[in-house]
Structure formats: C-alpha cells, structure tokens
Amino acid sequence: MKLLQITHFLLILSILLVFITVLIVHNEFADRTVSGKYFWFYASMGILSVTVLCSCILHRYTFSLNIIDILVTLFCVSGITSFWYNGREINTPFILLILIFILYLYLRIIMSGVKFSRQILLTGLILTGLICAVWGLLQLYGFVSSFHNRFAVTGPFFNPGPFAGYLSVIAPLAFYYAIRDFSILKYKFYNKLIPLYIRWGISSVCFISILLILPVTMSRASWLALLGGCICILIARKKSKFNFCRWMKRYRKRTICISSTLLIFILLGGVFLYSIKKDSADGRFLIWKISTGIIIEYPLGVGIGFFPGTYAKAQADYFRSGKGSPQEEYVADAPEYAFNEYLQIGIETGVLSLFIFVTIICMSLKNALKLRFVAELGSLVALLIFSFFSYPLKVLPFVILLCFLIASCAQACKEVKRLPTSIITVIASTLVGIFLYNRYPTYKAYKYWHKTKMLYDIGSYDKALLEYQKLMPYLKDQTKFLLEYSSCFARLKYYKESNEIIEEAILISGDPSLFTTMGQNYQNLGENMRAEICYQQALYTIPNRIYPYYLLGKLYYETGDYEKTFQMVHIVQTKKPKVPSNAIENMREEMKNIIDNKK
C-alpha cells in the first residue's frame with residue numbers, strides 16, 4: 001500500500017511539474033519567456049514519462065480507449081499528414097504536437113488509475129493562476145520588472161495578451177471552488193476538511209487577484225472569456241437544461257423580455273469594446289477576412305508553424321489586386337497569428353483537422369455536463385471564447401491546459417476497446433526520449449545564441465557570423481535568429497548568402513523587413529529588377545509603412561526613372577504613417593532633397 005501511495009504521489013508531482021511550465025522564465029535565452037517554457041516542458045515530459053512507465057509496470061494501470069481518444073489521435077495524425085504533405089522539415093511546433101498528444105495519453109492513464117488526481121491537479125492549476133496574478137500585481141506596483149518595454153504588466157509572458165488570457169481561463173476554476181467550498185465555513189472546523197479549507201482559500205484569493213489585475217491588461221478578449229466562463233458555471237450550478245427549458249415554456253413573456261434585454265446589453269457591450277480599440281478591431285477583421293481566403297486556397301493546410309509566411313503572401317496579393325480599402329491599408333500588419341484559433345487550425349492543418357477539433361470540443365463540453373465537471377466546463381468555455389479573438393494555442397501553457405481539460409472530460413465517454421497500457425507507455429516514453437535527445441543540442445544552441453548575440457549587438461559581425469554558422473542547423477525555425485544571421489552576411493557584403501538565409505525566413509515569417517533587406521542585397525549586386533520586386537512585395541504586405549516607398553524612390557532615382565521617382569517622393573511626403581517617428585521625417589527630408597536636386 002505504501003508503494004502504491006508513493007507511486008501516486010510521484011505521478012501527480014510529475015504532472016504538476018508540467019503545469020508549472022507557465023511560470024518558467026529562462027534569462028539565459030534570447031527569448032526568455034518563450035524558449036524557457038519549451039525546454040522546461042521537454043524536461044518535465046521526460047520525468048513524467050519515467051514515472052508513468054514505472055507506475056504502469058508496477059501496478060498495471062488499465063486504459064480504455066474511447067471516442068474522444070480516437071478523435072484526438074486523428075487530429076494529431078491529420079496535423080502530421082498536413083506537415084509532411086507540404087514537404088516541411090521537422091520544427092519546434094511539430095515536436096510540440098507529438099509531445100502534447102503523449103501528454104494527453106499520460107493524463108488519461110493517470111486520471112483513470114488515480115481517482116483523486118483530478119481534484120489535486122485542478123487545485124494545482126488554480127495555484128499557477130494565483131502566482132501569475134500576484135506576479136502581475138508586483139509588476140504593476142514596480143516591485144518586479146515586466147518582460148516587454150512597452151507594457152508594465154506581462155506576468156511570466158512576453159506581453160499582456162497571453163497573460164490576461166491565461167488568467168481568464170483559470171478564473172472560472174477558481175470561481176467555481178470559491179463558491180462551492182464556501183459552504184464548509186458554515187460548519188464547525190474539522191481536521192479532515194483541511195484540504196477543502198486550503199482549496200477554498202487558494203481559489204478565493206486567486207479569483208480576487210485576477211479581478212484586480214485583469215482590467216490593467218486592457219484585453220477585451222480576456223474580459224469576455226472570464227465573463228462567459230463564470231456565467232456558464234452559475235447556470236450549470238443552478239439549473240439543469242431540462243428545468244431551464246421548462247421554465248422558458250412556462251414564462252414565455254418573461255423569457256422574451258429577459259432575452260431582449262440581454263441582447264441589447266450584448267450589442268451595447270460589443271459597440272463599447274469595439275470603440276475602445278477601433279483600429280485594433282479593424283485589423284482583426286482584416287486578418288480573419290484574408291485567413292478565410294487562405295483556407296479556401298489550401299484546404300489541406302500549409303503545415304504547422306507556416307501561417308505567418310503564407311498570410312503575408314496572401315495579404316500582399318490582396319492589396320496588389322486593389323481590393324483593400326484605405327482603412328484596411330491603414331490597419332494592416334504582419335501578424336504571426338490569425339487571432340482566431342479556429343481559422344489558424346484550418347490554415348495550418350487543414351479543414352479536416354478543424355472539423356475534428358470542433359468535434360472534440362463539442363464532445364468535451366457534453367461530457368463535462370454529463371459528469372457535472374462544472375469547473376472544467378467553465379474553464380473550457382472561457383478558453384473557447386478567448387480563442388475566437390486571440391492565439392492561445394500558440395502559447396504552450398494554454399495547450400497544456402486544454403490538454404488537461406479534454407482528458408478530464410473524456411472520462412465520461414463510452415469505452416470502445418481496452419488497450420495494453422504498458423505497451424502504450426513504452427512507445428510513448430521511447431518517443432519522448434528520442435525528442436529529448438533531439439532537443440538537447442537545440443537547448444545548448446539557444447543558450448549559446450544569447451551569448452553570441454552580444455557580438456552581433458556590438459557590431460562584431462565577422463565573429464558573430466562564424467558562431468551563427470554553427471547554430472544554423474538548430475535554430476533555422478527561429479525568425480529572429482535568421483534575421484540576425486542574414487544581417488551579418490549583408491553587413492559583410494555577402495549579399496547572395498544573405499538572401500539564401502532570407503529565403504528560409506520568408507517561409508515562417510511575414511515581416512516585410514525581410515523583403516526590404518533582400519531588395520537592398522539585390523540592389524547592391526546590381527540586380528535592380530529583382531530589388532524592385534522585393535520592395536514592392538514589402539510595400540503590398542503592409543501598405544501603411546513608408547520605408548518601402550522610400551527605398552523604391554531611391555532605386556528609381558539611381559536608375560534614372562525620374563517619373564516613378566517623383567511618384568514615390570509624393571507618396572513619402574503625403575502618406576499618413578501609422579506610427580510617426582523621426583526616421584520617417586528623415587526619409588521625407590531626403591526625398592525632398594532629391595526633388596530639389598532635380599530642379
């Protein structure tokens with residue numbers, strides 16, 4: 001019995017190590033709030049694999065396959081198929097897809113074999129939310145620095161968006177246990193109820209802390225997510241679906257009145273939220289519009305991690321065709337995400353994967369109601385709402401959280417077939433071992449990149465280039481690294497080599513500076529036609545930027561095409577910049593000097 005208890009303790013501890021991925025920040029990495037989480041996740045998955053494998057061998061946990069398990073497997077296979085169909089090389093998102101699938105299997109095995117694990121794991125998630133909220137409050141009052149120069153509050157994330165989103169998804173869990181466990185305070189103190197007192201205290205403080213810090217983030221999507229999740233919990237706790245429908249039939253006039261009032265409030269709230277950041281909202285609408293067209297063009301997907309490059313090309317084609325309105329040109333940007341996970345899943349992994357994903361979510365919600373897992377229901381609803389307006393599934397802690405919620409809700413599904421758990425865990429552990437072996441050199445490369453970047457920052461490009469060449473095999477899926485690497489080549493006048501690196505970066509990034517740099521390289525090589533094509537691509541990718549027009553003006557002036565030069569000069573002088581700066585004024589002054597010289 002003691003061995004079994006120790007095994008259960010180690011299993012739950014291993015899962016909690018995975019959950020605290022959200023709190024990890026590694027200062028030895030260039031992108032410390034992102035890569036640090038990845039490598040902690042890899043290491044914790046290694047630990048979890050060992051504990052699950054040993055536990056299954058010692059205690060022979062049973063695992064019964066159900067329909068959600070089959071759908072999750074199909075989703076993973078569909079993502080892999082889309083990846084290989086497009087001829088993509090293995091990258092970080094691909095490896096994470098496999099590891100998350102394995103994490104799902106481990107959670108299913110553990111929650112099937114250790115009955116009390118769900119409650120402990122839910123409390124662990126609430127505790128991570130509490131730590132994040134306190135972290136944000138400390139940043140707000142200046143005790144801890146944020147991880148972004150423009151924002152005072154980011155928590156353990158790179159900007160306030162994911163931070164607010166994570167809190168909004170954890171908030172329904174805390175809200176549920178704060179109101180559910182409150183009843184124990186009405187009775188005499190019992191030692192056996194200490195775990196419930198602790199959970200109530202953690203949940204209450206967590207929810208209050210989230211309410212205090214969330215408005216500061218100015219994230220409308222997170223506000224809606226928290227509100228939707230908590231309302232869902234209140235409804236699920238008070239009335240069943242049958243009683244609610246019966247009440248509606250009995251009080252039709254009252255139902256119509258309440259529904260109309262709610263609809264008016266929703267419309268007014270929507271207008272208010274839109275007006276807070278109108279340009280931002282218009283930018284999202286543009287992204288969704290173009291993303292929908294990409295899904296139609298690529299129904300089988302473009303591959304996980306290749307949305308930015310595909311989107312940039314589609315947006316450039318859209319504005320080149322003349323379909324874009326002046327407001328769309330003004331709000332256009334080069335997003336790394338679709339700001340709608342359903343669209344992004346459809347773009348990267350195909351329409352079939354999107355259908356499977358939606359089916360998994362619907363079945364999970366149904367099972368949450370069936371099992372009366374109200375906490376998971378509220379959290380899942382909050383995550384689904386946030387996914388409509390942001391990119392949570394591109395941030396690792398959200399994917400871990402979603403994996404847990406689906407695995408928890410899958411317990412209500414009817415069994416399809418009983419599987420040999422030991423064989424499953426051996427295969428899964430072997431795959432994790434292979435990926436850890438693959439990632440260890442990448443881990444060292446990330447650490448070394450942070451040190452080598454100092455050479456790049458001080459302008460020692462020749463020395464930095466030698467070091468970057470060693471890192472290229474491990475970091476070629478990192479846009480920032482490719483930008484720095486290509487810049488080293490360009491500054492040392494190896495223009496062809498610089499463009500070869502940029503060709504790699506264009507596949508995974510929509511940053512128009514890649515095209516402007518490539519154009520300057522071609523211009524230095526005397527290939528002016530290619531330079532013009534690159535500048536125009538940058539221009540159409542984000543039409544509100546002045547720099548491509550400026551570069552085209554200089555190119556036309558140097559080649560003697562003064563008619564086009566004057567056109568570019570006029571645009572540079574009159575076009576309203578999205579973000580005014582001294583650099584734009586300097587470009588305008590230089591363009592003015594060109595006109596004066598010609599006169």
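Read the figures in this text as sums done on the coordinates, not as results from a lab. Just so it is clear, the model here is predicted, and its values are computed rather than measured. Every residue, glycine as well, gets a Cβ built from its backbone with ideal geometry; the counts of neighbours run over all protein chains shown.
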Original post:
Hey, how many Å between the Cα centroid of region 338-386 and the Cα centroid of region 486-514?
Top reply: 38
Subject >> Check: region 443-598 dipole with +1 on Lys, Arg Cβ and -1 on Asp, Glu Cβ, in debye >> reply: 480
Original post:
Which Cα, out of Asn544, Leu122, Ile423, lies furthest along the positive dipole direction of the chain (beta carbon charges, K/R +1, D/E -1)?
Top reply: Leu122
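Ranked from highest to lowest mean number of other Cβ atoms within 10 Å per residue, what is the order of the peptides 360-369, 425-434?
Numbers: 360-369: 19.1, 425-434: 17.1.
With the highest mean Cβ count within 10 Å placed first, the list reads 360-369, 425-434.
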Subject >> Positive dipole terminus of the chain, leading residue within Cys534, Tyr342, Gly303 (C-beta point charges) >> reply: Tyr342
**OP:** Give the order of Ser203, Ser460, Ser321 when sorted by the count of other beta carbons within 10 angstrom, beginning with the fewest.
**Re:** Ser321, Ser460, Ser203
Subject >> Farthest positive-ward along region 64-418 dipole, Cα basis, beta-carbon charges - from Ile68, Ser291, Phe389 >> reply: Ile68
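Any of Lys115/Lys370; Lys451/Lys496; Lys115/Lys188; Lys238/Lys414; Lys394/Lys578 with alpha carbons more than 20 Å apart? Name them for me. Walk me through the numbers before you get to the answer.
Values: Lys115/Lys370 18 Å; Lys451/Lys496 26 Å; Lys115/Lys188 28 Å; Lys238/Lys414 27 Å; Lys394/Lys578 27 Å.
As for pairs spanning more than 20 Å Cα to Cα, those are Lys451/Lys496; Lys115/Lys188; Lys238/Lys414; Lys394/Lys578.
For n ≥ 4 DSSP H runs only, could you compute -39500 (n - 2.57) per run for the chain, divide by its residues and tell me the 222 nm figure to the nearest 500? Working shown, then result.
Values: 26 runs with 455 residues, N = 599.
It lands at -25500 deg cm²/dmol.
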Original post:
If you wrap the chain's Cα atoms in a convex hull and average its projection over all directions, what's the area in nm²?
Top reply: 31.7
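Do the alpha carbons of any pairs in Lys313/Lys480; Lys444/Lys470; Lys447/Lys480; Lys323/Lys554; Lys564/Lys592 sit beyond 21 Å of each other, and which pairs?
Working: Lys313/Lys480 19 Å; Lys444/Lys470 11 Å; Lys447/Lys480 14 Å; Lys323/Lys554 27 Å; Lys564/Lys592 15 Å.
Pairs exceeding 21 Å: Lys323/Lys554.
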